[in-house]
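J.: One structure is given below, represented as structure tokens, and several questions about it will come after.
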Amino acid sequence: MSTIPLDLRTDEVLLPAPSLPERVSLMQSLRLRQSSRSLSPDPLQSGVPAEGCHRHDAPTLRLMLVSAEDLRRHTGLQDFVALAPLELVCVTDFTRMRDVSDEERTFLAGVDVGCIAQNASLCCADLGLVTAVQAMVDRRALAPLLRPRRTQRITLAQTVGRPEHGEHNQQQA
Ligand SMILES: Cc1cc2nc3c(=O)[nH]c(=O)nc-3n(C[C@H](O)[C@H](O)[C@H](O)COP(=O)(O)O)c2cc1C
């Protein structure tokens, strides 16, 4: 993996464009995909990792600094989340879903975030990383630190890391 530049003036990280090979074996990723709570604390990237909490701005491929504080321990109730090199936190903006009832809105937000989490899981499998979805997020602690808008909700977190030596992808052998 290559080094990702951190702009010290703006605290923004400019991400490289996603590398999408011509042929991706979805079946291979599906076979390798599994939840794991045995993650190495090693960083995902060589070079300078982005620390603190960032908002992913997909259109501009940027990570925008939200907080310089280490918030990982609030992203799940199990100890391993505090040491993992990356925690993805999904925040749903309910104003983005129009023309649906309140009940449908919550239901569809859950479905949507489930699809996103599964995509992330398959990417992890493809990259040789391991992951675990966290519904048990400490929202009371995390929400004031992330400062979401009134219409936004923390929906799910997902722990990502390198597999602890010998702990994952037995099927690969
Ligand atoms: C909606 C959802 C919420 C989950 N929440 C947690 C959680 O809070 N903590 C945890 O350790 N695993 C959590 N998991 C992970 C499941 O325990 C895991 O998916 C299950 O062990 C099945 O393993 P697999 O993903 O390898 O098929 C969650 C999974 C889903 C789909």
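The values are calculated or read from the model by the stated rules, or taken from the named source; none is laboratory data. Fair warning: this is a prediction, and the values are worked out from it, not measured in the lab. Neighbour counts are summed over all protein chains in view; Cβ atoms, including those assigned to glycine, are modelled from backbone coordinates with ideal geometry.
J.: State whether the residues of the range 158-173 include one that is without any contact (Cβ under 8 Å) to a residue 12 or more places away in the chain and not aliphatic (A, V, I, L, M).
T.: The answer is yes, given that some residue of the range 158-173 is without any contact (Cβ under 8 Å) to a residue 12 or more places away in the chain and not aliphatic (A, V, I, L, M).
J.: Something else: What pairs come out if I take residues in the range 94-106 that are within 12 Å of Gln152 (Cα to Cα) and pair them with residues that are of a type in the set (D, E, K, R) and assigned to a helix (DSSP H, G or I) whose C-beta lies under 7 Å away, six or more apart or interchain?
T.: Phe94/Arg105; Met97/Arg105
J.: Among the residues of the range 49-89, which ones are touching a residue at least 24 places away in the same chain (Cβ under 8 Å), within 16 Å of the ligand (Cβ to nearest atom) and among the small types (Gly, Ala, Ser)?
T.: Gly76, Ala84 - these are the residues of the range 49-89 that are touching a residue at least 24 places away in the same chain (Cβ under 8 Å), within 16 Å of the ligand (Cβ to nearest atom) and among the small types (Gly, Ala, Ser).
J.: Next up: Counting just the residues of the range 137-146 that are within 13 Å of the ligand (Cβ to nearest atom) and not basic (Lys, Arg), which one comes out surrounded by the fewest Cβ atoms within 10 Å (Cβ to Cβ)?
T.: Only one residue fits best here, namely Asp138.
J.: Within the range 143-157, can you find the residues that are of a type in the set (S, T, N, Q) and within 18 Å of the chain's Cα centre (by Cα)?
T.: Matches in the range 143-157: Gln152, Thr155.
J.: Please work out which one of (1) closer than 25 Å to Arg37 by Cβ; (2) part of a strand (DSSP E or B); (3) at pLDDT below 95 is the condition Val160 fails and give its number.
T.: (3)
J.: Any residue in the range 12-33 that's more than 16 Å from the ligand (Cβ to nearest atom): show its pairings with residues that are among the hydrophobic types (A, V, I, L, M, F, W, C) at Cβ separation under 6 Å, as long as the two are six or more apart or on different chains.
T.: Once the first residue is more than 16 Å from the ligand (Cβ to nearest atom) and sits in the range 12-33, its partners that are among the hydrophobic types (A, V, I, L, M, F, W, C) give Glu12/Met64; Val13/Ile4; Val13/Leu6; Val13/Ala50; Val13/Leu63; Leu15/Leu61.
J.: Right, next: Answer yes or no as to whether Cys124 is within 22 Å of Leu44 (Cβ to Cβ) and either modelled with pLDDT of 95 or more or touching a strand residue (DSSP E or B) at 6+ places or on another chain (Cβ under 9 Å) (or both).
T.: yes
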